[in-house]
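Below is one structure; the comments refer to it alone.
The values are calculated or read from the model by the stated rules, or taken from the named source; none is laboratory data. Being a predicted model, the structure only gives us computed values, none of them experimental. So basically every Cβ, Gly included, is an ideal-geometry build from the backbone, and we count neighbours across all protein chains shown.
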Amino acid sequence: MLAAAFAFQYIGGLPPCHLCLLQRWPHAAAVVILLLWAVTRWRIWPWLGALAALVTAGIGLFHAGVEQGWWEYISSCTQGSVAGFSAAELMNPATATPAPVRCDAIPWSLFGISMAGWNAIVSFGLALIWLFGASRRD
């Protein structure tokens, strides 16, 4: 999922919004957890991997709800932000400022499901795989 997010960003030209970035952190944690499990085989790692997958699934579900207008998020994410620009840059018409990436916009979808929705669906599936691994008795 993390590789797909980077592919959409760097190959597909779809920059992430704030909620998209938040969804990436638990995926990164899951990668680290998988590596730690591969080295140590401690039984706690699959449980933590499931937790990471459930966290990103929850953020993805929330993000999909923001996109669909089911609930609101902070206005700076849904109306654009000028964060990172100085007052001089904002007042200078020659300054090239990128269009803000909105959390409530759906830049891509498949079968009517946005990237955030797919993240939620796939991450719930990954959580089930982690839980299956955690419950196995070797």
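Of the residues making up segment 24-79, those that are more than 19 Å from Leu128 (Cα to Cα) and of a type in the set (D, E, K, R) are Glu67, Glu72. For segment 91-104, a residue qualifies if it is at pLDDT below 70 and either among the small types (Gly, Ala, Ser) or farther than 30 Å from Ala64 by Cα (or both), and the qualifying residues are Thr95, Ala96, Ala99. For Ala7, the requirement of being within 20 Å of Leu51 (Cβ to Cβ) and not basic (Lys, Arg) is not met. Scanning segment 9-36 for residues that are crowded, with 20+ Cβ neighbours inside 10 Å, aliphatic (A, V, I, L, M) and under 21 Å from Glu72 (Cα atoms) yields one hit, Leu19. In segment 37-68, the qualifying residues are those that are surrounded by fewer than 21 Cβ atoms within 10 Å (Cβ to Cβ), aromatic (Phe, Trp, Tyr) and in a helix (DSSP H, G or I), and the one that is nearest to the chain's Cα centre (by Cα) is Phe62. Scanning segment 5-16 for residues that are without any contact (Cβ under 8 Å) to a residue 12 or more places away in the chain, outside any helix (DSSP H, G or I) and not β-branched (Val, Ile, Thr) turns up at least one hit.
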